[in-house]
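Each remark here refers to the structure printed beneath this line.
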Amino acid sequence: MCGIVGFLGDNPEKILIDRLKKLEYRGYDSAGVAVKSQNKVNIFKSKGEIKNLENIIKTTENACLGIGHTRWATHGKPDEINAHPHLSSDGKWIVVHNGIIENYLTLKDKLVNDGYNFYSETDTEIIAKLLEYYSKSGSTLDAIKNTVNKLNGSFALCILHKDDNHLFFVKNRSPLYVAKNADNVMVASDVVCFKGFSEEYYNIPDGYYGFADSNNVKFFDKLGEVQLSTSELDLCEFESETTFKHFMLKEIYETAPSIKNILEHYSLKNNRKQFDKIDFSKIKKFKFVGCGTAYHACLVGSDMLEEKTNVECNAYVASEFRYSNPKIGEDTLVVLVSQSGETADTLAALELARQKGAYTVAIVNVEYSTLAKCADCYLPIKAGVEVGVASTKAYCAQLAVLYIFSQIIYEKMGLGSFNLDDLENLSKNFEYGNVTEFKLLADALKYNDRIFMIGRGVDYYSALEASLKIKETSYINSDTYYAGELKHGFLALIENDTYVIVFATDKKVLSKTISNAEEARARGAKLILLTCFDFKPHELDNFHYVIKVKNANGPLQSILNIVPWQIIAYYTSIFKGINPDKPRNLAKSVTVE
Ligand code: G6P
C-alpha cells in the first residue's frame, strides 16, 4: 500500500528515492516527490516503478527539504495526475497522504461551492485545498490544525509549504514515524526507512501533528505541545548464506532460523507473564481474527487450541468479523493475527473487541505496529522483516507462535504444563524438501489456467494457503475444496488432465481423503499427493506425483505441509516470467478497509 518519506537536509532527491525503494515491497502503482529549495518547489510524478520516477527527476539547486510517496490507487486510477504529491490551487501547499479520507466528498462539495477546482480523482487533493482555505485566516500550523479537525478517516500526512522551510506531518490511524540524526530529520510510514539513518525514532500517536526544522522536532496534540520519547530501532534480519534473486525465496529459507528464534524467545518464562492479567476462569470462548494468510493461520490456531483445551474456538476473516455482530464480551479472548500489525480490518476487529470488553491478544511480526501496541497481550512471531508480498516465513512463524499460544492457554487454564517439545523436534529435523522435484512440478503447473486443491480438516487449511500462494505469485486460478465436497458440485469441473492436489496428512481421515481423490481421478484428473505417510507402491500408481513431507505427529504438521508449496509457487511464478515479490494489484500491508 502507499508509502511516505519526508526528508529535511541537503540533496533530498537521493534520499527520497532510496527510501521510496525501501517501501516498494508494500505494493504501489505510481510514485512522486516534491523537492524544495529556499523559494522553489519542484514536483515529479510517474506511473509504474520508482525507476521511472528516478529517470525524470532533475536536481533542484540548493534543495533542503522534500517529500515522497508511493501510491496504491484507491480513489482514481493509477496515473500521473492522481499520483501524490497533491497541490493547493495557489500551488503553495504540497501534500502526500496514506489512508482514506472518509468524508472527502462532503468536504469537496463545500470547497467546490467556495470556488475551488479539482484536477484529480483523489481524496488527498481536498487536504491541499483545505490547507489553502484555512491558511487565509491563520498561521501555517493553525491551517494544519484546522484542516485535520475536518478530516474523518485514516491519514498519515507529510506537508510542505512553499514559503516555509519546515517539514510538517500529521498522523491518525495510519502509521507514521519520525527520526533525526545530528544533521537531518526523516519522516516515514515504515521504520525500515530509518536503517542507516538513525538508531532511534519517534512513534507518533494517533491525533498528533508536528513539524521539524534543522534544530528541532516538535509534536502537538489537541491541547498543545507534547514531549515524546524515542524507541530503539530494532529491525530483526537474518544473515543469508547465499544471495537469493528474490525476497520470496530468501524468506522461505528464513523459516528455520525464524523457528529457532521463536524457541529461544519463548523458552523464557517471563515472556508469558503478561497473561497473568487475564482472568482465565471467566474465559468461555476464543475468537481468532486475521486477513489473507494470517486468516489461514487463524484457522489452524483455532483448531489447535480447541483440541488442546476443549473450549469453543472459531476463526474469522477480519473484514467480516466487524459486521457479523460477533457474540463477544468479557468471557471472550480475541486473538488477532497479522504480519504487519497494520491491516485496517484487523485493527477494526481489535477496536470492536476492546469496545465489547473482550480480552485481546496480538500475534504479530512487526513489533512496533499498532496491533502490537494496542492489544492486552502481545506475542511477537520473531520472523524478521518480511518483504515479499506473498507471506511465507511469517505464516510458518505464526503457526509456531499459535502453537505456543495454545500451550500458554493450556497452562494458564490449569489443564497441564507448558511444553515446547514438538516445536523443538520440528526445529531440529526441519527440511525444505527436494527443490529439483519442486521445480519440475512448477514447470508442469505453469501451463494450467486452473488447478484444484483438496483436503480435510487441517489439511484443508494447508490447501487454502497453498492455493493462495499459487494465485498470488503465478496468477493461476487455484481453487480449494473440502475433499468430502467433491461430489456436491466440484466434480463437474474436472476434465481430462485437470490437476488436483491432494493434502493427506491426517491419519484419521486418510482413507476418506484418498477415496475422494480417486473420484476425481476416475473422471480424468491428474493427482498430486502431499502426505507424510508411506504408501504401498501399487497405491502410489494412481498419483501423478507424490510430495512426501515429514510427520510432525500433531498440530505443527501445517508448517511442514506448506513449505513445499511456497517453493513450488515461487518457481511457478519464475517460470511464467512474473516477479514473485511484487504480484500485480496486491500490496503487502493493507492499511485501508
Ligand atoms: C495482504 C498481504 C498478505 C497478508 C494479508 C494480511 O493481503 O499481501 O500476504 O496475508 O495482507 O496482512 P497481515 O499483515 O495482517 O498479516
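Some notes on this structure:
- Take VAL337: with every protein chain present and a 1.4 Å probe, its accessible area is about 0 Å².
- Sequence-distant residues sharing a close amide H with LEU233 (under 5 Å, placed H): GLU200, TYR201
- Of the accessible area of the chain, computed with a 1.4 Å probe over protein heavy atoms only, carbon and sulfur atoms account for 46 percent.
- Relative contact order of the range 375-499, defined on C-alpha pairs under 8 angstrom at six or more residues apart (%): 18
- Gap separating the Cα centres of the range 351-405 and the range 111-181, nearest whole Å: 32
- Normalised by residue number, the volume inside the convex hull of the Cα atoms of the range 394-450 is 115 Å³ per residue.
- Where GluC sites (Glu not before Pro) fall in DSSP loop in the range 26-84, at most 10 other Cβ within 10 Å: GLU61
- Kirkwood radius, the range 281-322, all distinct C-alpha pairs, inverse of mean reciprocal distance: 10.4 Å.
- Nearest-0.05 FRET efficiency for LYS245 and ASN181, computed from C-beta distance (R0 25 Å): 0.15
- Simple spin-label estimate for ASP421 and TYR475 gives 5.0 nm between the two label positions (7 Å along the Cα-to-Cβ direction from each Cα).
- Ordering of 31-38, 175-182 by packing [mean C-beta count within 10 Å, highest first]: 31-38, 175-182
- Net charge of neighbours whose Cβ lies under 12 Å from the Cβ of SER281, counting Lys and Arg as +1 and Asp and Glu as -1: 0
- Calculated translational diffusion coefficient of the range 201-338 (10 °C, 1.306 mPa s; Stokes-Einstein with Kirkwood radius over alpha-carbon pairs) equals 82 µm²/s.
- Computed from phi, the 3J(HN,Hα) profile of the range 514-529 under the Karplus parametrisation 6.51, -1.76, 1.60 (θ = phi - 60°) reads 5, 4, 4, 4, 4, 4, 6, 4, 4, 9, x, 5, 9, 9, 10, 9 Hz, with x in place of Gly and Pro.
- Along the range 486-495 the Karplus relation, 6.51 cos²θ - 1.76 cosθ + 1.60 evaluated at θ = phi - 60°, assigns HN-Hα couplings of 3, 6, 9, x, 4, 4, 4, 8, 7, 10 Hz to successive residues, with x for each Gly and Pro.
- Solvent-accessible surface (1.4 Å probe) assigned to TRP93 amounts to roughly 0 Å².
- Using R0 = 30 Å, the C-beta based FRET efficiency linking ASP90 and ASP213 works out to 0.85.
- Those chymotrypsin sites (Phe, Trp or Tyr not before Pro) in the range 364-468 that DSSP places in a loop and that have at most 13 other beta carbons within 10 Å: TYR447
- Annotation: extensible slack from GLN227 through ASN146 equals 27.0 nm (criterion: 0.36 nm per residue apart, minus Cα-Cα distance).
- Net +/- balance of residues flanking ASN165 in space, Cβ distance below 13 Å, scoring K and R +1, D and E -1: -1
- Taking the C-alpha atoms of the range 58-176, convex hull volume expressed per residue in Å³: 109
- Cα centroid separation - the range 250-297 against the range 559-576, whole Å: 25
- Full extension of the chain between LYS507 and ASP234 gives 94.0 nm of extra length, using 0.36 nm per residue less the Cα-Cα distance.
- Taken one residue at a time, the phi angles of the range 160-177 give Karplus couplings (6.51, -1.76, 1.60, θ = phi - 60°) of 10, 10, 4, 9, 9, 9, 8, 9, 9, 8, 9, 9, 8, 6, 8, x, 7, 9 Hz. Gly and Pro are set to x.
- Formal net charge of residues neighbouring ASP213 (Cβ-Cβ distance under 11 Å; K, R +1; D, E -1): +1
- With the whole protein complex present, ARG173 retains an accessible surface near 120 Å², based on a 1.4 Å probe.
- A 1.4 Å probe run over the chain, with the rest of the protein chains in place, finds 41 Å² accessible per residue.
- When the chain is reduced to its Cα atoms, the Kirkwood hydrodynamic radius in Å: 25.5
- For the range 2-95, taking Cα atoms only, Rg and Dmax work out to 12.2, 35 Å respectively.
- The range 295-454: relative contact order in percent, alpha carbon pairs under 8 Å with at least 6 residues between: 17
- Segment ASP541-LYS260, length gained on full extension (0.36 nm per residue, minus Cα span): 97.3 nm
- DSSP beta bridges fully contained in the chain are about 60 percent antiparallel.
- Point-to-point label distance, LYS548-GLU519, nm (Cα→Cβ direction, 7 Å offset): 2.9
- Of the trypsin sites (Lys or Arg not before Pro) found in the range 119-167, those in coil by DSSP whose Cβ has at most 12 other Cβ atoms within 10 Å are LYS136.
The values are calculated or read from the model by the stated rules, or taken from the named source; none is laboratory data. As the structure is a prediction and not an experimental result, all values here were calculated from the model. Counting neighbours? That spans all protein chains shown, and the Cβs are built from the backbone with ideal geometry, glycine included. In case anyone asks, the SASA skips ligands and DNA or RNA and just uses the protein heavy atoms, side chains included. Shrake-Rupley method; radii C 1.70, N 1.55, O 1.52, S 1.80 Å.
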